[in-house]
2 protein chains.
Amino acid sequence: MAAWRERLAGVRGVLLDISGVLYDGGEGGGTPIAGSVEAVARLKRSGLKVRFCTNESQKSRRELVQLLCRLGFHLSEGEVTAPAPAACQLLRARGLRPHLLIHDGLRSEFHQVDTSNPNCVVIADAADGFSFQNMNKAFQVLMELETPVLISLGKGRYYKEAAGLMLDVGAYTKALEYACGIEAEVVGKPSPEFFKSALQELGVDAHQAIMIGDDIVGDVGGAQRCGMRALQVRTGKFRPSDEHHPEVQADGYVANLAEAVDLLLQHAEP
Amino acid sequence: MAAWRERLAGVRGVLLDISGVLYDGGEGGGTPIAGSVEAVARLKRSGLKVRFCTNESQKSRRELVQLLCRLGFHLSEGEVTAPAPAACQLLRARGLRPHLLIHDGLRSEFHQVDTSNPNCVVIADAADGFSFQNMNKAFQVLMELETPVLISLGKGRYYKEAAGLMLDVGAYTKALEYACGIEAEVVGKPSPEFFKSALQELGVDAHQAIMIGDDIVGDVGGAQRCGMRALQVRTGKFRPSDEHHPEVQADGYVANLAEAVDLLLQHAEP
């Protein structure tokens, strides 16, 4: 593998995944990953542009930012690209009225959206809300539509909490896709539209941007397909087998965000 | 389409699906489909061989047969091919100890099976048992195995109850397959091994047998791939679009089991 200097040359902007990179979720909200609070602060003090790019869909952006600030991070809602606001834009643009299969923590993001007489289903990481009853209701709504539309906020396979690996929205989206014989539209990583909108908000071109995440497919593969570079951290949902993934190879693997920031401050050219 | 006489020539044995063909499930057990009680009786009085071939995995065979007898049907456990007993054979043959993600009604089928220190997961139609907690537990068991083995009792997309269409085990199997990056082994329709064992118990060759079911893929497509003929009834989970399925065309579509039996008694050659 080329030296870090070569791999990081010309990077001017950084997209940071949140869960598994900044903190691990769990009881009481979660805990920061060692060194990440300081790493974010150092990155923001450098000349590099920084934006947060998350598939978080259990909480609203406001709740997520409040949680992160409680954990010691400094950031505001305006610095976060998240799937729920992007989904609301898409719903409005296409006149869609969703049945919401989502976590209660996310409902505030959809307060402005008409949910009467639904003509689509929006699915997000509902966690305990993925009861058989709730899944079946969403399934029945889809089966009653002439052209079923399923919008999935991300398609993550799983994420890590203190209690262990947890099934993410992608698994439940697959269940509905199979039952209905349809394919969901993904809003969130690894959708290229989502990365492009984050890049636009970051204000640099793809070739000048690097994504740092713990998901080899959703973060690393998705960013690379958009022309960005991408590092995988060995925190969060990282598993050693990720480094031999059959389809995706990161531009580098680092112990954690702190090491990624060390390397960026040393080798990138702000 | 050829005349019925041609399509049914040489049929000597009949495999009957149960749910959606004999009865529709629902509150209080379910209700027989009009004409089916008499149709089964007429078929059994004819010279044709008859066997029941179900993917039922909410109840044990004993409970299923007891329910059907209460609804007016005459049959015994020995006439029913069902996935749970087939799965038990497979578990024993391979020294597998399952974590069971199944309905409480099915547990008696697994009483002889060692479930300590699990090295595989068996998933069946757990209905309300498909809570997030139960799904996540099965997911975690799989992710802790070096070579995860997932055995799925059928892979049905949905079935019909009085309250409407209900998600079947196949949807939840897809969720675990996606989350773990694995492919399940299916025990039940449309697995060729399962149809072959039903045929052997029926005692006729594939080209002399016909399957009657409400599932265009699981019943009709599965049986045809084994060299059998297959009719789809317009009861149970049947939907008009099934008659224009992109991959599967039944050897005939009938209003219900009663019509299928009328045609068989008229045209088959016992």
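Here is how the numbers come out for the structure above:
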quantity: In Hz, Karplus ³J(HN,Hα) per residue of region B:111-118 (6.51, -1.76, 1.60; θ = phi - 60°; x = Gly, Pro); calculated: 4, 8, 9, 6, 10, 6, 6, x
quantity: Copies compared at B:L71 - label distances in nm, ascending, label defined 7 Å from Cα in the Cβ direction; calculated: 5.1
quantity: Rg(Cα) / (2.2 N^0.38 Å) computed for region A:40-169, rounded to two decimals; calculated: 1.17
quantity: Radius ratio Rg over Rh of region B:1-65, counting only Cα atoms, Kirkwood formula for Rh; calculated: 1.04
quantity: Accessible solvent surface per residue of region A:189-270, calculated while the other protein chains remain in place, 1.4 angstrom probe, Å²; calculated: 41
quantity: Of B:L202, B:A230, B:V113, farthest towards positive along the dipole that unit charges on Lys, Arg, Asp, Glu beta carbons give chain B; calculated: B:L202
quantity: Carbon and sulfur %, accessible surface of chain A computed with the full protein complex present, 1.4 Å; calculated: 46
quantity: Exercise: per-residue mean of other protein chain Cβ atoms within 10 Å, A:139-149; calculated: 2
quantity: More than 33 Å apart - percent of Cα-Cα pairs taken over the protein assembly as shown; calculated: 48
quantity: Charge dipole (debye, nearest 20) of chain B; +1 at Cβ of Lys and Arg, -1 at Cβ of Asp and Glu; calculated: 460
quantity: Accessible area of A:D125 in the full protein assembly, 1.4 Å probe (Å², nearest 10); calculated: 10
quantity: Equivalent ellipsoid dimensions for chain B as semi-axes, Å, which come from the Cα gyration tensor, largest first; calculated: 32, 18, 18
quantity: Net length gained if the chain between A:E144 and A:T115 were fully extended (0.36 nm per residue, minus Cα distance); calculated: 8.9 nm
quantity: Three-way shape call for region B:117-181 based on the alpha-carbon gyration tensor, with the a/c threshold at 1.5; calculated: prolate
quantity: Nearest-10 value in Å² for the accessible area of B:V113, using the 1.4 Å probe; calculated: 20
quantity: Projected area, mean over directions - region A:151-268, Cα convex hull, nm²; calculated: 8.3
quantity: Peptide-level mean, for B:129-137, of C-beta atoms on other protein chains within 10 Å; calculated: 5
quantity: Share, in percent, of DSSP beta bridges within chain B that are antiparallel, nearest 5; calculated: 15
quantity: Estimated 222 nm signal from helices in chain B, with DSSP H stretches of n ≥ 4 weighted -39500 (n - 2.57), rounded to 500; calculated: -9500 deg cm²/dmol
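The values are calculated or read from the model by the stated rules, or taken from the named source; none is laboratory data. Quick caveat, the model's predicted, so the values are computed rather than measured. Virtual Cβ from ideal backbone geometry, glycine too; neighbours counted across all protein chains shown. Just the protein is used for accessible areas: all its heavy atoms, side chains included, with ligands, DNA and RNA removed. Shrake-Rupley method; radii C 1.70, N 1.55, O 1.52, S 1.80 Å.
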